[in-house]
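S.K.: Have a look at this one.
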Amino acid sequence: MRLAIDFAPGKNTQRGGWLGDFQYKDGYIIVKSTGVWMKNDVQLWSDIFRWLTYYAFVRLHGMWVGLSRPKGPRIYFTPFQPRPWYIMWAASVWGGMIFVRTPEKADAAIYFEDRTVATPPAPKHARAFNFSVGDVSKSKVAAAMEEAFGYPLALDPTTHVGEAVEKGEGNGLHDGRLVTCPTARAEGKAYQRVIKTEGADGWAFDLRTVCVGRKPIVVFYKMKPAAARFSIQNTSVVVKMPGDVFSATELAQLERFCDVMKLDWGGLDVLRERATGRLYVVDVNKTDTGPAVVLSWKDRARATTLLADALRRMVSP
């Protein structure tokens, strides 16, 4: 028997009650704004419980900051305010920043819409961020990466010989798979070279780098088995500073990438190819969720503090 539950039928909402953002269907919970699905299992509910404890922690810290520091700055998000599972929300609340509903009352405006391809509205504010980032599809990211780094990620599956990664153009789908080329190009799919980060031990690494003000601020150093390289689950995640992971040249390349994308805030999925040492930016999320629930409490607090401080610097008059 198939079961489908939708608390906001026919609406792709990011407003109102939290449950309206999701749909339950045939054993999966679907994020309606993006189409991302999550299996309704023990692992998911364990992650949700750990996230709720973090949510309460952020709320309490935000209250303390509001009582102990001068108020502000004030941020106007449009067309949607970030939900609590987005890092932008955590950084804002943790740092004592204030959400306002009109640009006239704000110190800065930020475009926030969890869609892969969209048309940002007019900013209606002199200090505006992310309003030039309407497209974060895989093809767009690959083109920006080649411009910033000087070498390609994308490939033509009809002429390439050997393995390639096939993945959907949508953001956060985690539907990548290895295919053998040459092969026909499937509709709605992007094709990239295989970036092998694993060594002889079989562990693959993802350098999720959050950038604020177009500069890398914190790196979530993720580890998982190479056989599960496309999985959303990580075996371990630790927080590192960008300077401990990237060279000065690489930091400049990442900043150049943000300039090409016009990305003021966003999470970059960065891979370091073990054979060549080269960096590849394989995905961009301007509305990144997190931080990862497998982080220690110390690393969660450290990362959120770093991002809150960077966000405050970016939006303050």
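The values are calculated or read from the model by the stated rules, or taken from the named source; none is laboratory data. The structure presented is a predicted model; accordingly, all values stated were derived computationally and were not measured. Reconstructed Cβ throughout: ideal geometry from the backbone, glycine too, with neighbour counts over all protein chains shown.
S.K.: When only residues in the stretch 142-155 that are in contact (Cβ under 8 Å) with a residue 40 or more places away in the chain and more than 15 Å from Asp264 (Cα to Cα) count, which is surrounded by the fewest Cβ atoms within 10 Å (Cβ to Cβ)?
M.R.: Tyr151
S.K.: Looking at Val219, Val237, Val260 in this structure, which one is within 19 Å of Phe149 (Cβ to Cβ), touching a Leu at 6+ places or on another chain (Cβ under 8 Å) and of a type in the set (Val, Ile, Thr)?
M.R.: Val219
S.K.: So, in the stretch 266-313, how many residues would count as being surrounded by fewer than 20 Cβ atoms within 10 Å (Cβ to Cβ), of a type in the set (A, V, I, L, M) and not assigned by TED's automatic domain parsing to the domain that holds Ala252?
M.R.: Looking only at that region, the number is 4.
S.K.: Then there's this: Within 24 Å of Ile217 (Cβ to Cβ) and either more than 18 Å from the chain's Cα centre (by Cα) or in contact (Cβ under 8 Å) with a residue 60 or more places away in the chain (or both): is that true of Phe49 in this structure? Give the derivation first.
M.R.: Working: within 24 Å of Ile217 (Cβ to Cβ): no; either more than 18 Å from the chain's Cα centre (by Cα) or in contact (Cβ under 8 Å) with a residue 60 or more places away in the chain (or both): yes.
So Phe49 fails the test.
S.K.: Okay, next question. Determine, yes or no, whether Arg69 is at pLDDT below 80, charged (D, E, K, R) and surrounded by fewer than 13 Cβ atoms within 10 Å (Cβ to Cβ).
M.R.: Spelling it out, it is not the case that Arg69 is at pLDDT below 80, charged (D, E, K, R) and surrounded by fewer than 13 Cβ atoms within 10 Å (Cβ to Cβ).
S.K.: Another question, then. Which residue is farthest from the chain's Cα centre (by Cα), if the candidates are limited to the stretch 124-133 and must be free of Cβ contacts under 8 Å to residues at least 24 places away in the same chain and surrounded by 18 or more Cβ atoms within 10 Å (Cβ to Cβ)?
M.R.: Here the answer is Ala128.
S.K.: I need the full set of residues from the stretch 85-95 which are without any contact (Cβ under 8 Å) to a residue 40 or more places away in the chain and not aromatic (Phe, Trp, Tyr), in order please.
M.R.: Hit for the stretch 85-95 is Val93, nothing else.
S.K.: Please enumerate the residues belonging to the stretch 254-265 that are surrounded by fewer than 18 Cβ atoms within 10 Å (Cβ to Cβ) and either in a helix (DSSP H, G or I) or without any contact (Cβ under 8 Å) to a residue 24 or more places away in the chain (or both). I'd like the intermediate steps shown before the answer.
M.R.: Step one: list which residues in the stretch 254-265 are surrounded by fewer than 18 Cβ atoms within 10 Å (Cβ to Cβ), which gives 255-256, 259-260, 262.
Scanning the stretch 254-265 gives Glu255, Arg256, Asp259, Val260.
S.K.: State which residue is farthest from the chain's Cα centre (by Cα) when the search covers only the stretch 203-261 and only residues that are within 27 Å of Ala301 (Cβ to Cβ) and among the aromatic types (Phe, Trp, Tyr).
M.R.: Among those that are within 27 Å of Ala301 (Cβ to Cβ) and among the aromatic types (Phe, Trp, Tyr), it is Trp203.
S.K.: Residues of the stretch 301-317 being hydroxyl-bearing (Ser, Thr, Tyr) and part of a helix (DSSP H, G or I), which ones?
M.R.: Selection gives Thr304, Thr305.
S.K.: For residues in the stretch 151-181 being closer than 23 Å to Lys286 by Cα and acidic (Asp, Glu), which is farthest from the chain's Cα centre (by Cα)?
M.R.: By that ranking, first place goes to Glu166.
S.K.: Here's something else I'd like to know. Would you check if Met38 is within 18 Å of the chain's Cα centre (by Cα) and either over 18 Å from Met314 (Cβ atoms) or at pLDDT below 95 (or both)?
M.R.: In short, yes.
S.K.: List the number of the failed condition for Leu295; all other conditions in (1) outside any helix (DSSP H, G or I); (2) under 24 Å from Val141 (Cα atoms); (3) in contact with a strand residue (DSSP E or B) (Cβ under 8 Å, 6 or more places away or on another chain) hold.
M.R.: Only one criterion is unmet by Leu295, namely (2).
S.K.: Test Ser316 against the stated conditions and say whether it is hydroxyl-bearing (Ser, Thr, Tyr), out of contact with any helix residue (DSSP H, G or I) (no Cβ under 9 Å at 6 or more places or on another chain) and under 26 Å from His61 (Cβ atoms).
M.R.: yes
Conditions tested, residue by residue: (1) surrounded by 15 or more Cβ atoms within 10 Å (Cβ to Cβ); (2) more than 30 Å from Ser132 (Cβ to Cβ).
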| position | (1), (2) |
| --- | --- |
| Asp26 | no, yes |
| Asn40 | no, yes |
| His61 | yes, yes |
| Val65 | yes, yes |
| Phe80 | yes, no |
| Ala90 | yes, no |
| Gly96 | yes, no |
| Ala106 | yes, no |
| Ala109 | yes, no |
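S.K.: Then there's this: For Glu198, are the conditions met, namely being over 18 Å from Arg300 (Cβ atoms), in contact (Cβ under 8 Å) with a residue 60 or more places away in the chain and out of contact with any His (no Cβ under 8 Å at 6 or more places or on another chain)?
M.R.: Working: over 18 Å from Arg300 (Cβ atoms): yes; in contact (Cβ under 8 Å) with a residue 60 or more places away in the chain: yes; out of contact with any His (no Cβ under 8 Å at 6 or more places or on another chain): yes.
Judged against the criteria, Glu198 is a match.
S.K.: Could I ask something else about it? Looking only at the stretch 239-253, count how many residues are outside any helix (DSSP H, G or I) and either surrounded by fewer than 16 Cβ atoms within 10 Å (Cβ to Cβ) or on the phi > 0 side of the Ramachandran plot (or both).
M.R.: Counting residues in the stretch 239-253 that are outside any helix (DSSP H, G or I) and either surrounded by fewer than 16 Cβ atoms within 10 Å (Cβ to Cβ) or on the phi > 0 side of the Ramachandran plot (or both) gives 2.
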